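Colleague: Have a look at this one.
Bear in mind that the values in this text are calculations on the coordinates, not laboratory data. The structure displayed is predicted, hence computed values, not measured ones. Every residue, glycine as well, gets a Cβ built from its backbone with ideal geometry; the counts of neighbours run over all protein chains shown.
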Amino acid sequence: MGQGLYSGKNILITGGTGTIGRQLVERLLQEDPRVIRIFSRDEHKQFEMGIDFQEHSNKLRFLIGDVRDLQRLGRAMEDVDYVFHCAAMKHVPACEYNPFEAVQTNVIGTQNVIQASIEKKIKKVLFVSTDKAISPTNTYGATKLTAERLISATEHHKGAKSTIFSSVRFGNVMSSRGSVIPLFRKQILENRRITLTDPTMLRYMMTPSQAINLILKANGLAMGGEVFVLKMPLINVGELAEVVIENTKEKYGIQGEVLVDVIGLRSGEKRFEELMTDDEAETAYETEDMYIIPQDSKTDYFYKENYNKVLEKPYPDRNKTIQKQELSEWFLKEKMI
């Protein structure tokens, strides 16, 4: 194994049994870390993950805990080098119906991660955010925006502490738990019909492996306070539904028509998501696969010397969506059906 950033290091992943957490564990194991601690509150998911990763049991430690509990986080971070903060309440309807629960997990939980990381002298903390934090119209987006601001603001008041905090912002991860692809598949298999909010809806989406590669690239670059915005393909949800129907019918040998019920936008949902605000676009830089929004003059100077400024805000362009053929290829490559 090569001597990479994570070789021989201790890593903590909050929300480590979620889709991003699991993919991150799988990818980080290739870097030969000393140990990866998986911190989450679901005992059953930890049990299942322990079976799935049985061959790596010497490298993995499963810790039951909640980011709402500062003391527990502190104990989990003993001797840790890198923290990936993926834990969140992320379902829009659940956050709308239980807004203070979302605040406790997504906002107070993030502040607890910050506090514990500073106390335990963590090298780097990367917070996983969402494009729904831009001009939020729902509780989930508002709590993630607040958490992003907490992470960036820490750079200004951490004093002499050396911990580097940054955020990475991306859209929907295809086939993640609770997302639309597994839901469509379940509906097709059980009822031969799917529910679709709005076929004209556009969403930024990426495959799990794309997301993980860019998370690690962002963490390698991070110098403090930045928000890294991953460049994501734009997908028309109506076309996505057609591809899921075609692939599911083919895989399971389903004959006949699958019906589509259009039910309209849910409370707090947008028809189109954005990657950044107008103000952020004015200060952002870009690489081939991400935008970088620095938060202070020191990091801004570095990025100015090494990268190009964003010339115009990246708006969702409905004429630049991923074609159905390419979507189908993604499904085959990533085994998403």
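Colleague: Which lysines have a Cα lying under 18 Å from the Cα of Lys270, excluding residues fewer than 8 positions away in the same chain?
Modeller: Lys90, Lys132, Lys144
Colleague: Run through every distinct alpha carbon pair of the chain and return the Kirkwood hydrodynamic radius in angstroms, one decimal place.
Modeller: When all Cα pairs of the chain are included, the Kirkwood radius is 20.8 Å.
Colleague: Another question, then. Work out the charge dipole of the chain with +1 on the Cβ of Lys and Arg and -1 on the Cβ of Asp and Glu about the Cα centre, then indicate which of Gln111, Ile64, Gly224 is farthest towards its positive end.
Modeller: Ile64
Colleague: Also, quick follow-up: Charges at C-beta only: +1 for Lys and Arg, -1 for Asp and Glu. How large is the resulting dipole of the chain about its Cα centre, in Debye rounded to 20?
Modeller: On the way: 45 positive and 46 negative charges, 155 e Å.
Dipole size: approximately 740 debye.
Colleague: Rg and Dmax of the stretch 25-72 over Cα atoms: what are they, in angstrom?
Modeller: According to the Cα coordinates of the stretch 25-72, Rg and Dmax are 11.4, 32 Å.
Colleague: Follow-up question, since we're still on this one. Under 5 Å between amide H atoms, partner at least 5 residues away or on a different chain: which partners does Ser129 have, H built in plane at 1.01 Å?
Modeller: Hits under the 5 Å cutoff: Val168, Arg169, Phe170.
Colleague: Any idea which of Leu240, Thr14, Asn319 is furthest toward the positive side of the dipole for the chain, if Lys and Arg beta-carbons carry +1 and Asp and Glu beta-carbons -1?
Modeller: Value computed over the given set: Thr14.
Colleague: Moving to a separate point now. List the GluC sites (Glu not before Pro) within the stretch 246-304 that fall in a DSSP loop (any state other than H, G, I, E or B) and whose Cβ has at most 15 other Cβ atoms within 10 Å.
Modeller: Here the GluC sites (Glu not before Pro) that fit, given the DSSP loop and packing criteria, are Glu257, Glu288.
Colleague: If you place +1 on the Cβ of every Lys and Arg, -1 on the Cβ of every Asp and Glu, and leave all else neutral, what size is the dipole of the stretch 195-259 about its Cα centre, to the nearest 20 Debye? Write down the numbers at each step before the final one.
Modeller: Values: 5 positive and 7 negative charges, 64 e Å.
The dipole of the stretch 195-259 has a size of about 300 debye.
Colleague: Under a Cβ-only charge scheme (Lys and Arg +1, Asp and Glu -1), can you give me the dipole magnitude of the stretch 1-149 about the Cα centre, in debye to the nearest 20? Show your work: numbers first, answer last.
Modeller: Numbers: 20 positive and 18 negative charges, 76 e Å.
Computed about the Cα centre, the dipole is about 360 debye.
Colleague: Checking the a/c ratio against 1.5 first, then a/b against b/c, what shape does the Cα gyration tensor give for the stretch 245-325?
Modeller: On the way: a/c = 3.81, a/b = 2.39, b/c = 1.59.
Prolate, since a/c reaches 1.5 and a/b exceeds b/c.
Colleague: Over 20 Å between C-alpha atoms is what I'm after, so list which of Lys249/Lys335; Lys124/Lys309; Lys121/Lys298; Lys123/Lys158 land there.
Modeller: Table pairs above 20 Å Cα-Cα are Lys124/Lys309; Lys121/Lys298.
Colleague: Explain nothing, just compute: Karplus ³J(HN,Hα) = 6.51 cos²θ - 1.76 cosθ + 1.60, θ = phi - 60°, for every residue of the stretch 33-46 in order, whole Hz, x for Gly and Pro.
Modeller: So the Karplus estimates, Gly and Pro as x, are x, 6, 7, 10, 9, 9, 10, 7, 9, 9, 4, 5, 5, 5 Hz.
Colleague: With Kirkwood's inverse mean 1/r over C-alpha pairs for Rh, give me the Rg to Rh ratio of the stretch 272-315, two decimals please. Don't jump to the answer; show the numbers that get you there.
Modeller: Numbers: Rg = 10.3 Å, Rh = 10.7 Å.
With Rh from the inverse mean 1/r over Cα pairs, Rg/Rh is 0.96.
Colleague: If you filter the stretch 84-166 for GluC sites (Glu not before Pro), then keep DSSP loop positions with at most 12 other Cβ within 10 Å, what is left? Intermediate results must be reported in sequence, preceding the final value.
Modeller: Working: sites: Glu96, Glu101, Glu119, Glu148, Glu155; in loops: none.
Of the GluC sites (Glu not before Pro), not one in the loops of the stretch 84-166 has a Cβ with at most 12 other Cβ atoms within 10 Å.
Colleague: Given the DSSP H assignment, sum -39500 (n - 2.57) over each helix run of at least 4 residues in the chain and divide by its residue total; what's the result at 222 nm in deg cm²/dmol, nearest 500?
Modeller: Working: 13 runs with 137 residues, N = 337.
Rounded to the nearest 500, the figure is -12000 deg cm²/dmol.
Colleague: Along the charge dipole of the stretch 162-289, Cβ charges K/R +1 and D/E -1, which of Met201, Ser267, Tyr252 sits furthest on the positive end?
Modeller: Tyr252
Colleague: Can you give the Rg and Dmax of the stretch 62-109 based on its C-alpha atoms, in angstrom?
Modeller: 12.3, 38
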